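Undergrad: Sharing a structure, written as structure tokens. Questions coming.
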Amino acid sequence: MFETLLPYIIFWGLGLLAFAAEFLFPARQVVYRSVFLRDLVALGVYNVSFNFLLPYTDRIPIPNYAPAGFSAIPVGYKLFLFYIIEDFGLYCVHRLMHTKHLWRTHKWHHYPNYMYWLAGVRTSIPHIILFNFTFVAARPVLVGVPSLVFQLIAVEHIFRNNWMHMNVLLEICVVGVADCHSSLSPHSPQR
């Protein structure tokens with residue numbers, strides 16, 4: 001049972017840390033009482049959609065482009081290459097979503113005029129598929145890594161998503177999507 005709850009414990013634990021940072025260094029006033037319930041529903045829809053779609057997106061046939069001897073490479077090098085591939089994919093997908101052709105898959109994410117750590121879960125089903133595809137496309141370089149590595153990647157993804165959407169004055173990008181969301185500027189598609 002603990003293994004089933006662990007992702008949720010990690011998500012809410014990191015969320016509480018993000019909330020503390022927002023409380024200490026707020027960029028804007030957010031009336032959490034008026035938005036939290038709505039984003040909690042969005043989180044529920046996201047979880048149901050993600051858990052429904054994950055078995056299908058994980059079966060997308062990606063050729064094993066890693067060379068035969070790649071499993072002998074140290075885990076650190078594989079992780080470095082994984083993040084280069086995944087981050088470039090996330091950057092490209094995010095940029096494409098800001099074009100007039102894919103904006104409809106992404107606009108709900110930017111619709112509200114407030115930003116805080118839980119806002120990153122406002123997504124559409126095509127948005128979930130496109131973003132998960134970048135992980136699936138980068139996964140072949142992780143051939144032979146221990147399963148713990150995948151759990152650590154999941155924790156890092158949660159941290160990164162919270163970081164990019166936090167309502168804080170700190171505007172620092174860490175490893176992740178190249179353009180950080182800002183609570184100080186609105187987003188719109190480039191047409």
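The values are calculated or read from the model by the stated rules, or taken from the named source; none is laboratory data. In this text the structure is predicted, and so the values were computed from the model without any measurement. Positions of Cβ are backbone-derived with ideal geometry, glycine not excepted, and every protein chain shown enters the neighbour counts.
Undergrad: Return a yes/no flag: does region 107-119 have any residue that is of a type in the set (Ser, Thr, Tyr) and within 24 Å of residue 56 (Cβ to Cβ).
TA: No.
Undergrad: Scan region 15-51 residue by residue and report those that are closer than 28 Å to residue 140 by Cα and in contact with a helix residue (DSSP H, G or I) (Cβ under 9 Å, 6 or more places away or on another chain).
TA: Listed by number, the residues that qualify are 46, 47, 49, 50.
Undergrad: Just wondering, is there one or more residues in region 129-147 that are at pLDDT 85 or above, over 27 Å from residue 61 (Cα atoms) and not in a helix (DSSP H, G or I)?
TA: There is no residue in region 129-147 that is at pLDDT 85 or above, over 27 Å from residue 61 (Cα atoms) and not in a helix (DSSP H, G or I).
Undergrad: Those residues that are touching a residue at least 60 places away in the same chain (Cβ under 8 Å) and under 19 Å from the mean Cα position of the chain (by Cα), I need them from region 61-83; list them, please.
TA: Correct list: 79, 81, 82, 83.
Undergrad: Show me the helices (runs of 4 or more DSSP H) entirely contained within region 5-122 in which 1 or more residues are modelled with pLDDT under 90 and surrounded by 11 or more Cβ atoms within 10 Å (Cβ to Cβ).
TA: Where helices (runs of 4 or more DSSP H) fall fully within region 5-122 and carry at least 1 residues being modelled with pLDDT under 90 and surrounded by 11 or more Cβ atoms within 10 Å (Cβ to Cβ), they are 32-57, 103-110.
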